[in-house]
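Working notes, beginning with the structure itself.
The values are calculated or read from the model by the stated rules, or taken from the named source; none is laboratory data. This one's a predicted model, so the numbers in the text were calculated from it and none came from an experiment. Heads up, the Cβs are rebuilt from the backbone with ideal geometry, glycines too, and the neighbour counts pull from every protein chain shown. The area values use the complete protein model at the heavy-atom level, side chains included, leaving out ligands, DNA and RNA. Shrake-Rupley method; radii C 1.70, N 1.55, O 1.52, S 1.80 Å.
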Amino acid sequence: MDEHQRLAEQFEVHRTRMRAVAYRMLGSLSEADDAVQEAWLHLSRSDTSGIANLGAWLTTVVARLCLDMLRSRTSRREEPLGAHVPDPIISRADAPDPEHQALLAESVGLALLVLLETLSPAERLAFVLHDVFGVPFEEIAPIVGRSASAARQLASRARRHVRGATTSSDSDLTRQREVVDAFFAAARDGDFDALVAVLDPDVVLRSDGGFVRPGASVVIRGARAVAEQALTFARLSPFVRPALVNGAAGVVVAPRGRPFSVMGFTVRRAKIVEIDILADPARLRQLDLAVLGD
């Protein structure tokens with residue numbers, strides 16, 4: 001086995017962790033894959049004789065790449081106005097995809113990713129690396145160009161901001177599905193009171209239509225307002241297909257087999273507290289929905 005092949009095999013051992021780091025940093029599956037590929041280019045061009053811990057070295061490289069991408073994204077202000085929903089990870093409701101399970105080994109619901117989008121790039125990096133992946137602040141500090149103490153403060157600010165989202169869903173998937181099914185049954189029947197009953201009073205609905213559907217990029221708060229919105233789209237209820245969205249109960253809405261939206265639900269104490277909808281046709285086309293089968 002030559003050196004290049006040996007290095008490639010070692011890289012593959014760490015690919016899942018790198019992709020998981022990049023996904024939490026960027027909220028984009030395609031950009032996460034780009035960061036991992038760029039990390040391989042860095043590794044293949046580097047003198048590896050002095051690398052004592054390849055996994056830690058690769059995590060640092062991916063983190064730096066993601067930090068640069070976040071800063072570039074911020075400076076370009078490339079996101080459309082209105083709500084932004086990160087890329088969802090979709091699996092069959094009855095058969096979670098092993099690769100997706102590995103990517104979601106640490107809880108990363110859409111609700112958490114949405115909040116991570118509001119952090120500064122440095123705060124997001126410090127929180128993701130330390131709180132999710134256990135990277136010491138001494139190793140985070142040089143990545144963000146701060147002291148270890150300053151890196152600790154970045155993570156602390158981020159932690160306060162996202163408090164509650166890391167444990168935001170009921171853990172019982174069966175119970176989650178019952179609540180989500182009740183939501184769609186009420187919408188299908190036009191039962192406003194039943195819709196309100198399954199929603200938390202302070203429920204938040206975020207819908208991201210991208211540049212193609214700017215009118216679908218909205219944030220709606222409150223049970224009655226969200227129930228009214230649900231009734232507006234009740235005609236789509238027959239096209240709802242159950243799925244796991246970031247490991248939680250969700251659906252893919254696909255009239256005539258064509259994805260119209262992906263909906264992720266956060267259920268707490270048997271009430272829906274957050275609904276995140278991706279309705280951007282361009283981004284929907286990039287998602288791997290083949291896992292849902294026919």
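Computed values, structure above
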| item | result |
| --- | --- |
| Residue within the range 4-27 that is in contact with an Asp or Glu (Cβ under 9 Å, 6 or more places away or on another chain) and in a loop (DSSP other than H, G, I, E, B) present | yes |
| Failed condition for Ala223, given (1) farther than 16 Å from Val273 by Cα; (2) in contact with a strand residue (DSSP E or B) (Cβ under 8 Å, 6 or more places away or on another chain) | (1) |
| Hits in the range 106-134 - residues which are among the aliphatic types (A, V, I, L, M), assigned to a loop (DSSP other than H, G, I, E, B) and buried (at least 22 other Cβ atoms within 10 Å of the Cβ) | Val108 |
| The lone exception for Ala102 - which of (1) within 15 Å of Asp34 (Cβ to Cβ); (2) at pLDDT below 65 it fails | (1) |
| Residue check for Trp57: under 19 Å from Ile140 (Cβ atoms) and of a type in the set (Phe, Trp, Tyr) | yes |
| Residue list for the range 52-95, restricted to those being at pLDDT 85 or above, closer than 30 Å to Ile220 by Cα, surrounded by fewer than 18 Cβ atoms within 10 Å (Cβ to Cβ) and among the small types (Gly, Ala, Ser) | Ser72 |
| Cβ-Cβ under 8 Å pairs, at least 6 apart or on other chains, the range 127-143 side under 16 Å from Ser156 (Cβ atoms), far side open to solvent by less than 10 Å² (accessible area, probe 1.4 Å) and outside any helix (DSSP H, G or I) | Val132/Val108 |
| Complete set of residues in the range 272-288 that are part of a loop (DSSP other than H, G, I, E, B) and either modelled with pLDDT of 90 or more or surrounded by fewer than 17 Cβ atoms within 10 Å (Cβ to Cβ) (or both) | Ala279, Asp280, Asp288 |
| Residue list for the range 152-174, filter: assigned to a helix (DSSP H, G or I), at pLDDT 75 or above and not hydrophobic (A, V, I, L, M, F, W, C) | Arg152, Gln153, Ser156, Arg157, Arg159, Arg160, His161, Thr174 |
